[in-house]
Amino acid sequence: MARGMAVALLLMLTAIAGAGYAAEEAFDVREHICTVTRYGAVKDVASNAYVPSSVPDGCTPIHLNLVARHGTRNPTKKRMRQLENLASHIQELVRDAEEKNLAHNIPAWLRGWMSPWKGKAKGGELISKGEDELYDLGIRTRERFPELFSQDYHPDIYRLKATQVPRAAASAVAFGMGLFSGKGTLGPGKHRAFAVTSDASDILLRFFDSCANYKDIRKKQEPAVDKLKEPILDEITGAIANRYKLNFTRQDTASLWFLCKEEASLLDITNQACALFNPNEVALLEWTDDLEVFMLKGYGKALNYRMGVPLLKDVIQSMEEAIQANEEKHPPGSYEKARLQFAHAETVVPFSCLLGLFLEGSEFEQIQREQPLPHPSRPPHNRNWRGSIVAPFGGNNMLVLYSCPANLSSKYYVQVLHNEHPTSMPGCGGADSCPFEVFKEKIAAPHLKHDYNALCNVKAAQVEQSSVDSKLSALYRWLFPPGINELGAHGNEL
């Protein structure tokens, strides 16, 4: 009997160990590198808890808004210099370990390692993987909405716009090449020329550039973010220093994590820098990145996303124009069918927040009341807010406007797709689609009451003084109603 129990216990322990091994084998670091994540790694990673709703039968799409981030790009020049400095420092650490006879645990790749971007004079440009991401997205968009893209191209029907940053403009071009492939006469692929426009002063897609108050708040927030990350970095620094017998610093850990993200995303290398960290450490490092995105670009401060009101207003206006054209029965080819815009994580993250995506529980009501939200839960707790899902390279939001049969309660519906998947909107009762009137009232209107210039360029002290003046003015009107002492002795306004 005792022997049987021992065998059973051994089998159970073996099963547990096997399960742990399988879980570790299934772990793919490329899905956990925040906004450095490549689109293909997470495009189809969806929440099992959400069951998509369906647009009512008989509805047909009449307009599409796309707000997309540029595709996968090279590190910036500043980041490439950081990696070259890391390479020099690593060699110093390796030599020090060898002198102390502690080099037996050092991974072989670290010896003599050089940055893959060493010697590059320029950075930040779209790479071929990024071109593929947007080209393929263009093809899938046309295939998903054939009714919208059946017309011959005209820049007033299909508007493509990008920021003036080259990687965003190149992404728009790649998307357009996929969208209109086979529709022209150029080359073997039968491509056609199309226009991509941009504005030098762009508060639609680069609202963060012109928002002085946001820049001030972000500058003040950054030290607080660093402070929150420090305990995690210190904990992991101690672990990997002990593991590899190298005298790593907190800055080394941060740089190695950055290297891991770049190698995994751009080069598909996961057995070098990423292998220095175990899955639990990766989860914690990912959380620190998610926390930073949340606090500096997302729900952490209302201004982070409220400054995106010009873009939200533009999207609502485009849908209203499409509804008007449909109501007035304009002929096909005489009105806009798609507005396709390409920008940055600093655009897509706030826009997702304006739509109320990735919230939990009563958080939608909290932001409507302008209350602060708690930080994303630390692992091992689950959380909706993940930078790798919110804004990976090529990440996007599509807002599809549908015209529906007259027998429905609403003639027009809006559906939101995030990274091409129907996504829950608390403002629509948790569904991914709802009547246009509900979308406009519950989701857009609370934000559109704010003025961009007042949000961004009126100093906080002025805003507070304006509020005080307004209250004093209201008190004055209560004490002296119109008609009683409203005018001075000679009929002049006081």
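The values are calculated or read from the model by the stated rules, or taken from the named source; none is laboratory data. This is a predicted model, so every value here is computed, not measured. All Cβ positions, even for glycine, are placed from backbone atoms using ideal geometry, and neighbour counts span all protein chains on display.
Which residues, taken from region 49-75, are farther than 11 Å from G394 by Cα and touching a helix residue (DSSP H, G or I) at 6+ places or on another chain (Cβ under 8 Å)? Steps first, answer last, please.
Filtering region 49-75 down to residues farther than 11 Å from G394 by Cα leaves 49-66, 74-75.
Answer for region 49-75, where residues must be farther than 11 Å from G394 by Cα and touching a helix residue (DSSP H, G or I) at 6+ places or on another chain (Cβ under 8 Å): I62, H63, L64, N65, L66, N74, P75.
Out of V29, V55, V45, report the one residue that is surrounded by fewer than 17 Cβ atoms within 10 Å (Cβ to Cβ) and modelled with pLDDT of 60 or more.
When all the criteria are applied, what remains is V45.
Kindly establish whether V7 is at pLDDT 95 or above and either aliphatic (A, V, I, L, M) or buried (at least 20 other Cβ atoms within 10 Å of the Cβ) (or both).
Numbers: at pLDDT 95 or above: no; either aliphatic (A, V, I, L, M) or buried (at least 20 other Cβ atoms within 10 Å of the Cβ) (or both): yes.
The answer is no for V7.
Checking the conditions here, which among L179, L160, L137 is in contact with a Lys or Arg (Cβ under 6 Å, 6 or more places away or on another chain), closer than 23 Å to K337 by Cβ and at pLDDT 95 or above?
On the way: L160 fails: in contact with a Lys or Arg (Cβ under 6 Å, 6 or more places away or on another chain); L137 fails: in contact with a Lys or Arg (Cβ under 6 Å, 6 or more places away or on another chain).
Sole residue among the options that is in contact with a Lys or Arg (Cβ under 6 Å, 6 or more places away or on another chain), closer than 23 Å to K337 by Cβ and at pLDDT 95 or above: L179.
Among the residues that make up region 130-140, is at least one of them within 29 Å of V42 (Cα to Cα), β-branched (V, I, T) and not in a helix (DSSP H, G or I)? Write out each step before concluding.
Our first condition is that a residue be within 29 Å of V42 (Cα to Cα); within region 130-140, this holds for 130-140.
Keeping just the survivors that are β-branched (V, I, T) gives 139.
Going one step further and asking which of them are not in a helix (DSSP H, G or I), we end up with none.
No, there is no match, as no residue in region 130-140 is within 29 Å of V42 (Cα to Cα), β-branched (V, I, T) and not in a helix (DSSP H, G or I).
How about region 427-442: which of its residues are among the charged types (D, E, K, R) and assigned to a loop (DSSP other than H, G, I, E, B)? If you could, list the steps in order and put the result at the bottom.
Initial filter on region 427-442 (among the charged types (D, E, K, R)): 432, 437, 440-442.
Hit for region 427-442 is D432, nothing else.
Filter region 116-145 down to the residues that are at negative phi, in contact with a Pro (Cβ under 9 Å, 6 or more places away or on another chain) and of a type in the set (G, A, S) and list them by number.
G123
Can G238 be described as surrounded by fewer than 16 Cβ atoms within 10 Å (Cβ to Cβ) and in the same structural domain as H154 (by TED's automatic domain parsing)?
Working: surrounded by fewer than 16 Cβ atoms within 10 Å (Cβ to Cβ): yes; in the same structural domain as H154 (by TED's automatic domain parsing): no.
Spelling it out, it is not the case that G238 is surrounded by fewer than 16 Cβ atoms within 10 Å (Cβ to Cβ) and in the same structural domain as H154 (by TED's automatic domain parsing).
Please name all residue pairs, on different chains or six or more residues apart, with Cβ atoms under 9 Å, provided the first residue is in region 87-111 and is surrounded by 13 or more Cβ atoms within 10 Å (Cβ to Cβ) and the second residue is outside any helix (DSSP H, G or I) and among the hydroxyl-bearing types (S, T, Y).
A87/S115; H89/T249
Filter region 95-153 down to the residues that are under 27 Å from the mean Cα position of the chain (by Cα) and among the aliphatic types (A, V, I, L, M), then identify the one that is nearest to H63 (Cα to Cα).
Among residues in region 95-153 that are under 27 Å from the mean Cα position of the chain (by Cα) and among the aliphatic types (A, V, I, L, M), the one nearest to H63 (Cα to Cα) is L148.
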